[in-house]
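Chemist: Structure provided below as structure tokens; questions to follow.
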Amino acid sequence: MLEYTLYCDESVAKDRKYGDFFGGCIIEASNLQPVIKALETCKTDNGLHNEIKWTKVTGQYLDKYIQVMRLFFSFVAERKVKVRIMFRKTENQYSLLSNNEKYFKLYYQFIKHAFGFTCTYDMPPFNLRIYLDQLPAKREDCDEFKTFLAALPHTMALKGCALRISKEQIAEVRSHEHVLLQCVDIVMGAMQFRLNNHHKDKPEGQLRRGKKNYSERKVI
């Protein structure tokens, strides 16, 4: 049976214009290890031995980050990796939901709708592994969330589709151990940076943008 791996992460909850960023990438099993190996090799060749992430983009690492992300997007162009990002206008808030409820409901809808699972009725069945960057919530809430994710193929919207999920194949992971999650983090960071006009930010009392801001603008 075919198998896909889905890596998911979340970012800025609230910002000037857009918040509640959720991102992920999905990859078929036969492509998984070759893509990971290529990205890890690119990191090593560029002297990037630790986790890469948006908050670490500086002039010192600018060209190195660009090399890794060019390779990542070459896999996207070859359709070996599919990337999806979801975000909302900051003004559109769910006033009746707690932050915890909003977080999990949005995350659930992102995974349910962003990757085309509703369009797989003519495909042979496939298993889906889900790797979530560590969830910032109580253990019982995280466990309940995973239960809901495992039940996705049985919902009305997805009933009869090719998707198969086992709760045992849903795991929380640390992004510094997964280069594909790191790349998703950079894509999300670049999007929220640009959409919220942080490329125009200047240090207080300064007329010019800072060096880090310049580096971040070059990455996007």
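Chemist: Would you mind telling me which numbered condition in (1) within 24 Å of PHE110 (Cβ to Cβ); (2) of a type in the set (S, T, N, Q); (3) in contact with a helix residue (DSSP H, G or I) (Cβ under 6 Å, 6 or more places away or on another chain) ASN31 fails?
Modeler: (3)
Chemist: Among the residues of the range 105-148, count how many are under 22 Å from HIS176 (Cβ atoms) and hydroxyl-bearing (Ser, Thr, Tyr).
Modeler: 2
Chemist: Out of all the residues in the range 13-25, which are surrounded by fewer than 21 Cβ atoms within 10 Å (Cβ to Cβ) and either at pLDDT 95 or above or hydroxyl-bearing (Ser, Thr, Tyr) (or both)?
Modeler: Answer for the range 13-25, where residues must be surrounded by fewer than 21 Cβ atoms within 10 Å (Cβ to Cβ) and either at pLDDT 95 or above or hydroxyl-bearing (Ser, Thr, Tyr) (or both): just TYR18.
Chemist: Moving to a separate point now. Answer yes or no as to whether LYS14 is in contact with a strand residue (DSSP E or B) (Cβ under 9 Å, 6 or more places away or on another chain) and outside any strand (DSSP E or B).
Modeler: Details: in contact with a strand residue (DSSP E or B) (Cβ under 9 Å, 6 or more places away or on another chain): yes; outside any strand (DSSP E or B): yes.
It is true that LYS14 is in contact with a strand residue (DSSP E or B) (Cβ under 9 Å, 6 or more places away or on another chain) and outside any strand (DSSP E or B).
Chemist: A further question on this structure: Anything in the range 106-163 that is among the polar types (S, T, N, Q) and touching a residue at least 60 places away in the same chain (Cβ under 8 Å)? List them, or say none.
Modeler: Step one: filter the range 106-163 for residues among the polar types (S, T, N, Q), giving 109, 118, 120, 127, 134, 147, 155.
ASN127 - this is the single residue of the range 106-163 that is among the polar types (S, T, N, Q) and touching a residue at least 60 places away in the same chain (Cβ under 8 Å).
Chemist: For the subset of the range 26-55 comprising residues that are crowded, with 18+ Cβ neighbours inside 10 Å and assigned to a helix (DSSP H, G or I), which member is modelled with the lowest pLDDT?
Modeler: TRP54
Chemist: Residue under question is ALA77, and the condition is that it be out of contact with any strand residue (DSSP E or B) (no Cβ under 8 Å at 6 or more places or on another chain) and more than 21 Å from MET191 (Cβ to Cβ); does it hold?
Modeler: Judged against the criteria, ALA77 is not a match.
Chemist: Okay, next question. Which one of the conditions (1) assigned to a helix (DSSP H, G or I); (2) among the polar types (S, T, N, Q); (3) surrounded by 13 or more Cβ atoms within 10 Å (Cβ to Cβ) does THR5 fail to meet, given that it meets all the rest?
Modeler: All conditions pass for THR5, except number (1).
Chemist: Of all helices (runs of 4 or more DSSP H) completely enclosed by the range 110-220, which ones contain at least 1 residues that are in contact with a strand residue (DSSP E or B) (Cβ under 9 Å, 6 or more places away or on another chain) and at pLDDT 90 or above?
Modeler: Result: 139-150, 179-195.
Chemist: Continuing with the same structure: Could you list, in sequence order, the residues of the range 24-44 that are closer than 22 Å to LEU62 by Cα and small (Gly, Ala, Ser)?
Modeler: Residue satisfying the conditions is ALA38 alone.
Chemist: Another question, if that's okay. Considering only residues that are in contact with a helix residue (DSSP H, G or I) (Cβ under 8 Å, 6 or more places away or on another chain) and not in a strand (DSSP E or B), which ones fall in the range 65-86?
Modeler: If the condition is that a residue be in contact with a helix residue (DSSP H, G or I) (Cβ under 8 Å, 6 or more places away or on another chain) and not in a strand (DSSP E or B), then TYR65, ILE66, GLN67, VAL68, MET69, LEU71, PHE72, PHE75, LYS80 are the ones that fit.
The values are calculated or read from the model by the stated rules, or taken from the named source; none is laboratory data. Being a predicted model, the structure only gives us computed values, none of them experimental. Cβ: placed from backbone, ideal geometry, glycine included. Neighbour counts: every protein chain shown.
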